[in-house]
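All remarks here apply to the structure that follows.
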Amino acid sequence: SPLASPQETLMGKYGEDAKLIYELQDQGGELLALRYDLTVPFARYLAMNKIANMKRYHVAKVYRRDNPATTRGRYREFYQCDFDIAGQFDPMIPDAECLKIVHEILSDLQLGDFLIKVNDRRILNGVFAVCGIPESKFITTCSTVDKLDKMPWEEVRSEMVGEKGLSPEAADHIGEYVQLHGGLDLIERLLQDPKLSQHKLAKEGLGDMKLLFEYLTLFGIAGKISFDLSLARGLDYYTGVIFEAVLLQQENDHVEESVSVGSVAGGGRYDGLVGMFDPKGRKVPCVGVSIGIERIFSILEQRVEASGEKVRTTETQVLVATPQKHLLAARLKLISELWDAGIKAEMLYKKDPKLLKQLQYCEDTGIPLAAIVGEQELTDGVVKLRDVATREEVRM
């Protein structure tokens with residue numbers, strides 16, 4: 001999908017986050033914008049090509065006119081890695097697979113302890129409805145609730161009352177629900193809730209959530225999943241289950257409670273998005289997840305820095321070196337043979353480098369071997385292979 005789309009393609013899909021869309025003003029009569037994520041372009045692609053069934057991953061850059069915070073991995077231009085399943089399938093099977101993939105990625109990267117929070121837009125809407133919030137305020141209330149992971153409840157409550165115009169009673173009522181989190185036990189409890197169980201959408205959402213947890217248990221990952229009613233995901237296009245993966249950081253050895261260091265992946269179900277781009281309004285149900293690559297990199301970089309270990313930045317297997325002057329031709333011939341044989345080789349881009357400098361370069365970059373050709377080696381038709389770490393040499 002192209003980097004720049006017509007502005008109307010992106011508008012009306014992201015709720016309050018729309019203010020972060022990078023707009024390119026009047027380019028020869030066209031109003032364009034840089035893509036904000038990979039989900040909306042994917043939905044447009046499905047609609048344009050009349051594809052009703054697809055499973056794919058996509059790694060590419062997206063753009064947000066945000067305040068950068070490079071230490072936390074927040075940039076205006078950054079990579080996302082998305083995985084999506086589009087098609088008409090039975091409830092919660094593809095959704096469970098998306099969560100399995102997030103679990104697998106975060107486990108394999110060994111980023112430390114993590115938690116995947118899940119919720120459902122239908123349950124949230126049910127909560128808002130039984131708390132007396134008019135439907136016109138669902139989406140703005142959603143984006144306020146979504147700040148609960150960054151702000152204490154008191155601040156979220158005052159934003160609801162002060163900025164969003166909710167009554168204090170309604171806000172307190174919401175507070176009773178959105179501070180709940182748990183697993184199957186909580187789902188069962190809410191299914192018995194006298195008000196929520198009367199709300200058709202919330203009941204559907206809770207039924208699906210129960211199913212999801214059964215599948216996650218079969219996948220063996222339910223221990224890392226938390227049903228969390230404060231999770232809202234501020235974007236407009238989510239219609240069902242939503243999820244977000246956060247890394248947990250032990251404060252110190254004496255503290256049991258772990259704190260979140262921020263979201264590294266998020267996603268959910270967006271069943272209505274493809275229909276927005278289809279001229280006939282044909283819907284294709286979709287569920288997907290997005291991994292924040294920069295966010296993960298910044299965590300890995302901080303970890304390496306803290307450990308003080310040297311990271312090898314090259315895969316080079318051997319450095320072709322010469323001990324005397326006027327032997328550039330010998331180096332070029334040998335390195336060419338190595339390259340042709342598929343061996344990762346390097347040499348210094350100098351006519352007559354000193355041997356010590358070449359060996360020092362191997363040590364600095366972690367290249368394990370040096371292939372040395374001097375006048376004597378050329379006469380004897382051999383190459384001297386040196387193990388940089390042990391300084392052992394063999395002629396071959």
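The values are calculated or read from the model by the stated rules, or taken from the named source; none is laboratory data. None of these values were measured; they are calculated from a predicted model. Reconstructed Cβ throughout: ideal geometry from the backbone, glycine too, with neighbour counts over all protein chains shown. Ligands, DNA and RNA are stripped out before the accessible areas are found, and what is left, the full protein with its side chains, is counted by its heavy atoms. Shrake-Rupley method; radii C 1.70, N 1.55, O 1.52, S 1.80 Å.
Kindly indicate the residue of the stretch 312-342 that is surrounded by 14 or more Cβ atoms within 10 Å (Cβ to Cβ) and farther than 14 Å from residue 373 by Cα and also nearest to the chain's Cα centre (by Cα) among those meeting that condition.
Among residues in the stretch 312-342 that are surrounded by 14 or more Cβ atoms within 10 Å (Cβ to Cβ) and farther than 14 Å from residue 373 by Cα, the one nearest to the chain's Cα centre (by Cα) is 316.
For the stretch 293-396, which strands (runs of 3 or more DSSP E) that fit wholly inside it have 3 or more residues that are polar (S, T, N, Q)?
none
Give the residue that is modelled with the highest pLDDT, with candidates limited to residues of the stretch 84-140 that are part of a helix (DSSP H, G or I), open to solvent by 10 Å² or more (accessible area, probe 1.4 Å) and of a type in the set (Gly, Ala, Ser).
107
Which residue out of 60, 43, 96, 18 is under 21 Å from the mean Cα position of the chain (by Cα) and within 30 Å of residue 302 (Cβ to Cβ)?
60
When you scan the stretch 301-311, do you find a residue that is open to solvent by less than 40 Å² (accessible area, probe 1.4 Å) and touching a residue at least 12 places away in the same chain (Cβ under 8 Å), even just one?
Filtering the stretch 301-311 for residues open to solvent by less than 40 Å² (accessible area, probe 1.4 Å) gives none.
No: the stretch 301-311 contains no residue that is open to solvent by less than 40 Å² (accessible area, probe 1.4 Å) and touching a residue at least 12 places away in the same chain (Cβ under 8 Å).
Kindly indicate whether any position in the stretch 144-162 is free of Cβ contacts under 8 Å to residues at least 60 places away in the same chain, open to solvent by less than 50 Å² (accessible area, probe 1.4 Å) and assigned to a loop (DSSP other than H, G, I, E, B).
Yes, the stretch 144-162 contains at least one residue that is free of Cβ contacts under 8 Å to residues at least 60 places away in the same chain, open to solvent by less than 50 Å² (accessible area, probe 1.4 Å) and assigned to a loop (DSSP other than H, G, I, E, B).
Name the single residue, out of those in the stretch 46-57 being aliphatic (A, V, I, L, M) and not in a loop (DSSP other than H, G, I, E, B), that is farthest from residue 280 (Cα to Cα). Explain how you work it out, then say what you get.
Filtering the stretch 46-57 for residues aliphatic (A, V, I, L, M) gives 46-48, 51-52, 54.
Still in the running and not in a loop (DSSP other than H, G, I, E, B): 46-48, 54.
Values: 46: 13, 47: 10, 48: 11, 54: 20 Å.
Within the stretch 46-57, the match that is farthest from residue 280 (Cα to Cα) is 54.
Among the residues of the stretch 37-45, is any assigned to a helix (DSSP H, G or I), open to solvent by less than 10 Å² (accessible area, probe 1.4 Å) and farther than 18 Å from residue 235 by Cβ?
no
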